[in-house]
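Below is one structure, written out as structure tokens; the observations come after it.
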């Protein structure tokens, strides 16, 4: 996997001796499928999977080796996902492998953090769906390198350090993660950001109670894990600075913008259609009326929402 710009290690373990799980393998398979390609079919991540079965075991040695391989090299993004059992004791947290034994439960979460912190990859993303996964984010006072997030590191865990992860036939956290990466949390430009994934999961898990995800990051720029079809065409989005000369100006309307009116103007009608798309995206709102139709009929105006003002600034700065 050396030299790959975007690479991911996806691990799912169900078949534990005496303590089997359900759904971890299927979650891992689905995540790999979602990350392999962007929404338009372009290649996204190079995927390596470790999946348990009755024939193949995910053992401590092989998992440690693949984690080290993942975080080696100079990739743009190295993403690690684990779904399985988690274990915690007075020494720290562990990703439990199928060859677990007492006092040797699996791969230490501290080791995972050390690999990420010392990696030369530009962006390192760790996503854990297991009990006590929040232990990954708990400072290890004995080792400063483990307790701090190095530049470019982002972690997302399914629960706090002392919590168990809720599961039925599919982990609740991973179910929401899959929905998010499938496009549910994409921003207006179609980018799926780790921060948006966390916000989507945290907002939904709030209805369950008893399980709170953890999100921590140390990045200087947003990174996109996947691109999907944007909510509004970029060519139209960028016109926001054309229709609104500054963040606080209002765009005047009149009946000529409404195509059903006798004096409708073709140019104004085309502009009005684009403004309506901006309304649907939450960027623009009518002034003095509840609907854009009445704002036009009654010669009112429209203005930028707070979200619209943020995108106006980004476009003005040529960030989009």
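Before moving on, here are some points about what is shown:
- Projected label distance in nm at residue 220 and residue 319, using a 7 Å step from Cα toward the beta-carbon: 1.6 nm
- As a rough guide to protection, the peptides 281-289, 191-199 ranked by mean Cβ packing within 10 Å, highest first, stand as 191-199, 281-289.
- DSSP beta bridges in the chain [antiparallel fraction, %, rounded to 5]: 50 percent
- Three-way shape label, segment 212-281, alpha-carbon gyration tensor, a/c 1.5: prolate
- Cα-based helix-to-principal-axis angle, 60-70 vs the chain, degrees rounded to 10: 40 degrees
- Multiplying the residue separation of residue 162 and residue 103 by 0.36 nm and subtracting their alpha-carbon distance yields 19.3 nm.
- Equivalent ellipsoid, segment 234-316 (semi-axes from 5 times Cα gyration tensor eigenvalues, Å): 21, 13, 10
- Shape category assigned to segment 60-127 from the gyration tensor of Cα positions, a/c cut at 1.5: prolate
- Rounded to 10°, Cα long-axis angle of helix 306-316 versus longest principal axis of the chain: 90 degrees
- Seen against the Cα atoms of the chain and their longest principal axis, helix 266-280 is set at about 30 degrees.
- Helix-only CD estimate at 222 nm, as mean residue ellipticity for the chain, using -39500 (n - 2.57) per DSSP H run (n ≥ 4): -8500 deg cm²/dmol
- Projected label distance in nm at residue 305 and residue 46, using a 7 Å step from Cα toward the beta-carbon: 4.1 nm
- Separation between Cα centres of segment 1-56 and segment 114-129, rounded to whole Å: 17 Å
- FRET efficiency for the pair residue 261 and residue 184, taken as 1/(1 + (r/R0)^6) with r the Cβ-Cβ distance and R0 = 35 Å, rounds to 0.40.
- Taking the average, over residues, of other Cβ atoms within 10 Å as the packing measure, peptides 33-43, 83-93 rank 83-93, 33-43 from highest down.
- FRET efficiency for residue 151 and residue 293, using Cβ-Cβ distance with R0 set to 56 Å, rounded to 0.05: 0.65
- Residue 5-residue 248 FRET efficiency (beta carbon distance; Förster radius 35 Å; 0.05 resolution): 0.30
- Difference of contour (0.36 nm per residue) and Cα-Cα distance, residue 273 to residue 55: 72.7 nm
- Shape class for segment 6-227: rounded, because the ratio a/c of the largest to smallest gyration tensor axis (alpha-carbon atoms, square roots of eigenvalues) is under 1.5.
Only the coordinates and a few stated rules stand behind these numbers; no lab work does. Just so you know, these numbers come straight off a predicted model, no measurement behind them. When we count neighbours, we look across all protein chains shown, and the Cβ atoms used for this are built from the backbone with ideal geometry, even at glycine.
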